[in-house]
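The values are calculated or read from the model by the stated rules, or taken from the named source; none is laboratory data. As the structure is a prediction and not an experimental result, all values here were calculated from the model. Cβ sites come from the backbone with ideal geometry, for glycine too, and all protein chains shown count toward neighbours. Surface accessibility is based on the protein's heavy atoms, side chains included, excluding ligands, DNA and RNA. Shrake-Rupley method; radii C 1.70, N 1.55, O 1.52, S 1.80 Å.
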Amino acid sequence: MAILDERKEIYEEIKKEILNCQACELWQYRKNAVPGEGNLFATLMFVGEAPGEQEDLQGRPFVGQAGKLLDSLIGSLGLSRKEVFITNVVKCRPPGNRDPLPAEILACNPFLVGQIGLICPKIICTLGRHALHTLVDPTRTISQVHGSRIAKDGIVFFPTFHPAAALYHDSMHQLLVEDFQILRRLLKEI
Ligand code: SF4
C-alpha cells in the first residue's frame, strides 16, 4: 500500500474514533466533533485550544473570526491552509466557550498524540496556553516563551498566542504577527 493511502487510512480511523468518542462529558454538548484538517504530510502543525461556536457548527477547526486571522497569518508564512495541519487540544466544544478542564484535556490527549505521531510535523506551533501546557511545559506562560523554539521529543515547538485572544488586544495582535515573522525564518532553516 502506498504511504499516502496508508496514512489516510490510519487518519480516517482516528477521525472516526473522535466523531464517536464519549470519553469525556463534552460529547454531550457538541453538534459536531472537530478532529482537525489539513495536509497529512505537513511540516508545520498548529494546535489550538478547543472548537468554538462556528467550529462546532461546521465540524472544522478555526473557521470563525480567529480562523480568518490564522488564515492570514499562515499566508504571511507563504503557505496556505491546505499545506499545514490544524487541530486543537480538545476536539469538542466546551459549553459557553469555557476553558477545557484538565480531565477533558487528559481524556482527549490520545487523539492529539495519535495525530502528531501519524503526521510527524517538524514544527508544532502551539496557539495559546492550553496547547503550550499540554504539549510543551505546564509551568511556563505564553508571555515567557512566545516566539521561541523549544526542542522536545524530536519536534521543534513554537509557542505563540491564540488568535482569538489577539482579536481583542492590539498589543497581542502585534506580538502574534512578529512571532509569525520568526516562524517564517524558522521554517526556512528546518
Ligand atoms: Fe472525546 Fe475529546 Fe470529545 Fe472529550 S473532547 S468527547 S475526549 S473527542
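What is the residue count in the range 14-40 for residues that are open to solvent by less than 90 Å² (accessible area, probe 1.4 Å) and assigned to a helix (DSSP H, G or I)?
As a first pass, look at the range 14-40 and keep what is open to solvent by less than 90 Å² (accessible area, probe 1.4 Å): 14-15, 18-19, 21, 23-26, 30, 32-40.
Subset that is assigned to a helix (DSSP H, G or I): 14-15, 18-19, 25-26.
So the answer is 6.
What number of residues within the range 121-154 satisfy the criterion of being surrounded by fewer than 19 Cβ atoms within 10 Å (Cβ to Cβ) and touching a residue at least 24 places away in the same chain (Cβ under 8 Å)?
Total meeting the criteria: 3.
Yes or no: Ile3 open to solvent by 20 Å² or more (accessible area, probe 1.4 Å), free of Cβ contacts under 8 Å to residues at least 24 places away in the same chain and within 13 Å of Ile119 (Cα to Cα)? Let's see the steps before the verdict.
Numbers: open to solvent by 20 Å² or more (accessible area, probe 1.4 Å): yes; free of Cβ contacts under 8 Å to residues at least 24 places away in the same chain: yes; within 13 Å of Ile119 (Cα to Cα): yes.
Yes.
Which one of Leu112, Leu118, Leu77 is touching a helix residue (DSSP H, G or I) at 6+ places or on another chain (Cβ under 8 Å), open to solvent by less than 10 Å² (accessible area, probe 1.4 Å), touching a residue at least 40 places away in the same chain (Cβ under 8 Å) and not polar (S, T, N, Q)? Write out each step before concluding.
On the way: Leu118 fails: open to solvent by less than 10 Å² (accessible area, probe 1.4 Å); Leu77 fails: open to solvent by less than 10 Å² (accessible area, probe 1.4 Å).
Of Leu112, Leu118, Leu77, the one residue that is touching a helix residue (DSSP H, G or I) at 6+ places or on another chain (Cβ under 8 Å), open to solvent by less than 10 Å² (accessible area, probe 1.4 Å), touching a residue at least 40 places away in the same chain (Cβ under 8 Å) and not polar (S, T, N, Q) is Leu112.
Is there any pair with a first residue in the range 171-190 that is outside any helix (DSSP H, G or I) and a second that is surrounded by 15 or more Cβ atoms within 10 Å (Cβ to Cβ) whose Cβ atoms are under 7 Å apart and which are 6 or more apart or on different chains, and what are they?
These pairs meet every condition: Ile190/Ile123; Ile190/Val156.
Collect the residues in the range 41-74 that are open to solvent by less than 10 Å² (accessible area, probe 1.4 Å) and within 15 Å of the ligand (Cβ to nearest atom), keeping them in residue-number order.
Correct list: Val47, Gly48, Pro51, Asp56, Pro61.
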